[in-house]
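Below is one structure, written out as structure tokens, with a few remarks after it.
The values are calculated or read from the model by the stated rules, or taken from the named source; none is laboratory data. Owing to the predicted nature of the structure, the values given are computational and were not obtained by experimental measurement. Ideal geometry is used to build each Cβ from the backbone, glycine not excepted, and the neighbour counts take in all protein chains shown. Surface accessibility is based on the protein's heavy atoms, side chains included, excluding ligands, DNA and RNA. Shrake-Rupley method; radii C 1.70, N 1.55, O 1.52, S 1.80 Å.
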Amino acid sequence: NWLMRKISDNGNRQAGTLEFEGYEIPYISTAQGIWIMAFRAEEALPDDVIQRAYAYLTALPDDEDDLSLFYPQDNADAAYLRYIREEYTRLPDGLQEQLAAWWEEQTGMAANGNTPYYNWAAMAGMVADVVRESGTYSTNPGQQPVNRDFVEYFLTESNKGYCVHFASATVAMLRALGVPARYAEGYVVRESDFDESGVAEVPARRAHAWAEIWVPDFGWVPVESTPGG
């Protein structure tokens, strides 16, 4: 639905105005998608113009120069954006469809695998919330059945796991939604862990896993979805 009638108050909005085919077209982008505010335009917008503007806003332009609409960095950055859209959205065969069905069941939203790149951060927040609420933290989640995908089994059946489970599920779900994401492991280190000489002793129990997405102007940033993480 490309005519905006209502915007949910999810705190992840980006408003702007697009100069398109001689029209000033206001829009709002949210985690649910991008909405053209036809009723707030200064002049009536023909339906065909709205449709073309919507297609333009929600597609990654083929022309490098068009990336300046939301992403004004140089062509090297634009090329990297294109690379990660392909490399970091890969999933095992069949998992895309399974995750899309799970996402629609949980949220009522279709997972079309084409989240606009200027909406990745907002979508990451939503995915983290949904994944976090879908399971219970446990260091003893039990044995996984043979021939079941790790993420699919966690989300649809066991619903128990630790940081590896939640991070893996978040990465996979983001990829299914078309958001480039990667899995990362490391340790939780607090400022208070460092002594006067600048050395910190980090015990093995601080090991942690999380998802990361790439955000324009920031690079790869953590997405925390583990309960209490």
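Details
- For Thr139, neighbours were defined as the other residues whose beta-carbon sits under 15 Å from its Cβ, and their charges (Lys and Arg +1, Asp and Glu -1) total +3.
- Net charge, Ala184 excluded, C-beta distance under 14 Å - Lys, Arg +1, Asp, Glu -1: -2
- Near the amide H of Lys160, within less than 5 Å, lie the amide hydrogens of Thr136, all on another chain or at least 5 residues away, with H placed in the peptide plane.
- Region 119-229: relative contact order as a whole-number percent, Cα under 8 Å and 6+ apart: 30 percent
- Here the label points at Arg82 and Ser197, each 7 Å from Cα along the C-beta direction, are separated by 5.2 nm in the simple model.
- Amide H contacts for Leu18 (H built 1.01 Å from N in the peptide plane; partners 5 or more residues away or on another chain; cut-off under 5 Å): Ile25, Tyr27.
- Trypsin sites (Lys or Arg not before Pro) restricted to DSSP loop in region 130-229 with at most 13 other C-beta within 10 Å: Arg148, Arg190
- For the pair Arg190 and Asp93 in one chain, pulling the backbone fully straight at 0.36 nm per residue adds 31.0 nm over the alpha carbon distance.
- Of the whole protein surface, Tyr153 contributes about 40 Å² of accessible area at a 1.4 Å probe radius.
- Accessible surface of region 167-229, 1.4 Å probe, proportion on carbon and sulfur as whole %: 50 percent
- Simple Cβ-charge dipole of region 89-229, Lys/Arg +1 and Asp/Glu -1, about Cα centre, in debye nearest 20: 240 debye
- Given their separation in residues at 0.36 nm each and the Cα-Cα distance between them, Asn114 and Lys160 gain 13.7 nm when the chain is fully extended.
- With the charge dipole of region 113-229 set up from +1 on Lys and Arg Cβ and -1 on Asp and Glu Cβ about the Cα centre, the Cα lying farthest toward the positive end among the listed residues Asn119, Gly178, Ser197 is that of Gly178.
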